[in-house]
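Colleague: Here it is, the structure in full.
The values are calculated or read from the model by the stated rules, or taken from the named source; none is laboratory data. Treat the numbers as computed from the prediction; the structure is a model and nothing was measured. Backbone-built Cβ (ideal geometry, glycine too); neighbour counts: all protein chains shown. Only protein heavy atoms, including side chains, enter the accessible area calculation; ligands, DNA and RNA are left aside. Shrake-Rupley method; radii C 1.70, N 1.55, O 1.52, S 1.80 Å.
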Amino acid sequence: MSAAPSVAESGRELTFDVVVVGAGFAGMYMLHRLRGLGFSVRVYEQGSDVGGTWYWNRYPGARCDVESMQYSYSFSEELQQEWNWSERYAPQPEILKYARHVADRFGLRSDIVFNTRVECAAFDEDRKSWGVMTSDGKLVRAQFVVLATGCLSNARMPDIKGLAGFAGRVFHTGHWPHEGVDFTGQRVGVIGTGSSAIQSVPVIARQASHLFVFQRTPNFSIPARNAPLTAEEREAFRKNYAEIRRFAREDARNGIYAELPERGALEDGENARRARYEQRWASGGLTFMLAYNNLILDKAANDTAADFVREKIAEIVSDPMTARRLQPDNHPIGTKRICVDTDYYATFNRPNVTLVDIHGRGIDEILPHAVRAGSENYEIDALVLATGFDAMTGSVAKIDIRGRGGKTLNQKWAEGPKTYLGLMSEGFPNLFLITGPGSPSVLSNMIVSIEQHVDWIADCLSFMRRSALASIEASPDAEERWVAHVNEVAEMTLYPQANSWYMGANIPGKPRIFMPYIGGVGVYRRICNDVAAKGYEGFTMRARQAAQAVAMS
Ligand code: NAP
């Protein structure tokens, strides 16, 4: 490993200490940390700019569902003190502007190659390094590869008969045109009712002459209560940032600073419980699920929260049949990612909006000018697919990754992803995942989890450099134990009861396994720190001269 950034050219091959895949929030911070430690780093990004998920997801109404004062980097005191978020939940263009600002402020762009995909990566056991092939046909060599590919970045095109023959324009929320889309005067169909649809439907409804929302499964949504941030509100955060960030990292289950509940839902009587839910509904946002401490553990407790939201839907939506169809009843509340909206349910009171219930039968086919469902034709000019992502593993699976013995990661993960701590997978030395399956990732404020993983990886690489170690790999036993633990903890909750993308259930043929670690970000951080403190327990590290294995397992 070189001590200072150095790029040696050997024939056609460029050599780096680390190749990072992706320039979203994870890739940008990884680059910043490693460069600061004197490693040479090259980042490859398939988009034409930084931002990752906020670069691609430009659909109308896209905004974060974690408050922006918290969904932001904490690594730079100056940055968090100086950046002015305009709203409680910043809209996508502002989050992208923030990502660009970070790239410029820390001079990151010079080490990022845009418009370039990593196509394959193969581990050379003799050289203990990775050969990485990019979409422009270049081969680079790096001792380490870090996959900062994002958990929700592989947009999923549904397999619906006739889709290719649709005569109008087709959009996917996760791959929205940069120039924006104006639906004024058009008849629009939206397929899907997850977070992306729930954010975009109210905005599209205000433009379209008519909007048809094709709903296979209703989701629970909580009002965002978005509003402009006042200077006083920003200041309150800034003054207390040290404690807010500490709490989010160490005490919170989900990486969000919030009041933690001490009581279970059934410990309160009917009136007190309702008052508490009303108060949470009025303040809005994801923390609705923190009304009580057992909503995700106890079905009877969960039912009280689900009933409350179903009642709210019935109050808001004027047509009783539409209200009933919008009320979720096939999964406990919170076991699918809860949605956060602005006027979603009220949008169905508009005369130009129709909810089409396709539950149990799906869409028959797409015709050149209509969606056919339940033997009815719904004439449309434009189609929006809000059909989600091949989550957590999809972006990794698109890269041809070959580890020891030429085994591919896709072969290894054929029965579901297997990792140690969500950071590495046995058989793939020197390959790190940021917020990989088996870590809290999508169950948390992503930036908190990203910073934790990046810092852990940076510390690990520094340790290896100091100790003249050439490779690190998860040991099979440690990985088996971690996978078992991740499953065991998930089974203690209600989460596995839902057919969610957390379980891979939205992708036909994908193995059903609960992918994120649900033990909480604070607990998880302590486990990771403990592993490092014990000399990277559960990992096997080797010096450059073979056979000098430093078995930490
Ligand atoms: P999603 O939650 O997976 O929702 C996809 C929707 O499309 C579901 O309603 C699904 O129905 C439907 N669908 C899929 N294939 C279909 C088909 N062939 N026919 C009919 N319906 C079909 O995807 P998403 O809304 O893009 O959200 C994914 C995740 O991204 C969220 O859970 C969240 O974590 C993240 N996200 C966050 C924000 C935010 O920060 N505010 C915004 C957007 C997304 P079924 O349920 O029946 O499968």
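Colleague: In a helix (DSSP H, G or I), open to solvent by 10 Å² or more (accessible area, probe 1.4 Å) and more than 16 Å from the ligand (Cβ to nearest atom), is that true of ALA346? Can you show your working first?
Modeller: On the way: in a helix (DSSP H, G or I): yes; open to solvent by 10 Å² or more (accessible area, probe 1.4 Å): yes; more than 16 Å from the ligand (Cβ to nearest atom): yes.
Yes.
Here is a yes/no grid of residues against (1) away from the ligand (no atom under 16 Å from the Cβ); (2) farther than 30 Å from SER200 by Cα; (3) modelled with pLDDT under 95; (4) under 16 Å from the mean Cα position of the chain (by Cα):
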position: ARG372; (1), (2), (3), (4): no, no, no, no
position: ILE380; (1), (2), (3), (4): no, no, no, no
position: GLY394; (1), (2), (3), (4): no, no, yes, yes
position: GLY405; (1), (2), (3), (4): yes, yes, no, no
position: TRP413; (1), (2), (3), (4): yes, yes, no, no
position: TYR420; (1), (2), (3), (4): yes, yes, no, no
position: ILE447; (1), (2), (3), (4): no, no, no, yes
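Colleague: Further question: With a cut-off of at least 1 residues that are under 19 Å from VAL21 (Cβ atoms), name the helices (runs of 4 or more DSSP H) lying wholly within segment 402-494.
Modeller: 409-412, 446-466
Colleague: Among the residues of segment 450-465, is any within 16 Å of the ligand (Cβ to nearest atom), of a type outside the set (Asp, Glu) and either in contact (Cβ under 8 Å) with a residue 12 or more places away in the chain or within 20 Å of ALA148 (Cα to Cα) (or both)?
Modeller: yes
Colleague: Report yes if ILE366 is farther than 19 Å from PHE166 by Cβ and crowded, with 20+ Cβ neighbours inside 10 Å, otherwise no. Working first, answer last.
Modeller: Values: farther than 19 Å from PHE166 by Cβ: no; crowded, with 20+ Cβ neighbours inside 10 Å: yes.
No; evaluated as a whole, the condition is false for this residue.
Colleague: PRO261 is checked against (1) modelled with pLDDT of 95 or more; (2) assigned to a loop (DSSP other than H, G, I, E, B); (3) not polar (S, T, N, Q) and fails just one. What number does that condition carry?
Modeller: It fails just one condition, (1).
Colleague: A further question on this structure: Which of the residues belonging to segment 144-165 are surrounded by 14 or more Cβ atoms within 10 Å (Cβ to Cβ) and out of contact with any helix residue (DSSP H, G or I) (no Cβ under 9 Å at 6 or more places or on another chain)?
Modeller: VAL145, PRO158, ILE160, GLY162, LEU163
Colleague: Sticking with this structure for a sec: Which residue, of ALA314, ALA300, is at negative phi, surrounded by fewer than 18 Cβ atoms within 10 Å (Cβ to Cβ) and touching a residue at least 24 places away in the same chain (Cβ under 8 Å)?
Modeller: Matching residue, one of ALA314, ALA300: ALA300.
Colleague: Applying the selection to segment 229-245, what residues are part of a loop (DSSP other than H, G, I, E, B) and more than 13 Å from GLN81 (Cβ to Cβ)? Quick ask: steps written out before the conclusion?
Modeller: Pass one, segment 229-245, residues part of a loop (DSSP other than H, G, I, E, B): 229-230, 240.
Result: LEU229, THR230.
Colleague: Checking the structure you have, find out if any residue of segment 402-420 is surrounded by fewer than 21 Cβ atoms within 10 Å (Cβ to Cβ), touching a Pro at 6+ places or on another chain (Cβ under 6 Å) and of a type outside the set (D, E, K, R).
Modeller: Yes, segment 402-420 contains at least one residue that is surrounded by fewer than 21 Cβ atoms within 10 Å (Cβ to Cβ), touching a Pro at 6+ places or on another chain (Cβ under 6 Å) and of a type outside the set (D, E, K, R).
Colleague: Taking ALA498 and the conditions (1) closer than 30 Å to VAL41 by Cβ; (2) out of contact with any helix residue (DSSP H, G or I) (no Cβ under 9 Å at 6 or more places or on another chain), which numbered condition does it fall short on, given that it satisfies the others?
Modeller: (1)
Colleague: I'd like the full set of residues that are away from the ligand (no atom under 13 Å from the Cβ), of a type outside the set (Ser, Thr, Tyr) and open to solvent by 40 Å² or more (accessible area, probe 1.4 Å), limited to segment 204-226.
Modeller: Scanning segment 204-226 gives ARG206, GLN207, HIS210, ARG225.
Colleague: I want to confirm something. Restricting to segment 489-509 and keeping residues that are within 15 Å of SER439 (Cα to Cα) and modelled with pLDDT of 95 or more, which single residue is most open to solvent (accessible area, probe 1.4 Å)?
Modeller: If we take residues in segment 489-509 being within 15 Å of SER439 (Cα to Cα) and modelled with pLDDT of 95 or more, then VAL489 is most open to solvent (accessible area, probe 1.4 Å).
Colleague: Among what's in segment 69-90 and is buried (at least 18 other Cβ atoms within 10 Å of the Cβ) and of a type outside the set (A, V, I, L, M, F, W, C), pick the residue that is farthest from the ligand (Cβ to nearest atom).
Modeller: Among them, the one singled out is SER74.
Colleague: What residue, of THR184, THR173, is open to solvent by 10 Å² or more (accessible area, probe 1.4 Å), polar (S, T, N, Q) and touching a helix residue (DSSP H, G or I) at 6+ places or on another chain (Cβ under 7 Å)? First the steps, then the outcome.
Modeller: Details: THR173 fails: open to solvent by 10 Å² or more (accessible area, probe 1.4 Å).
The unique qualifying residue is THR184.
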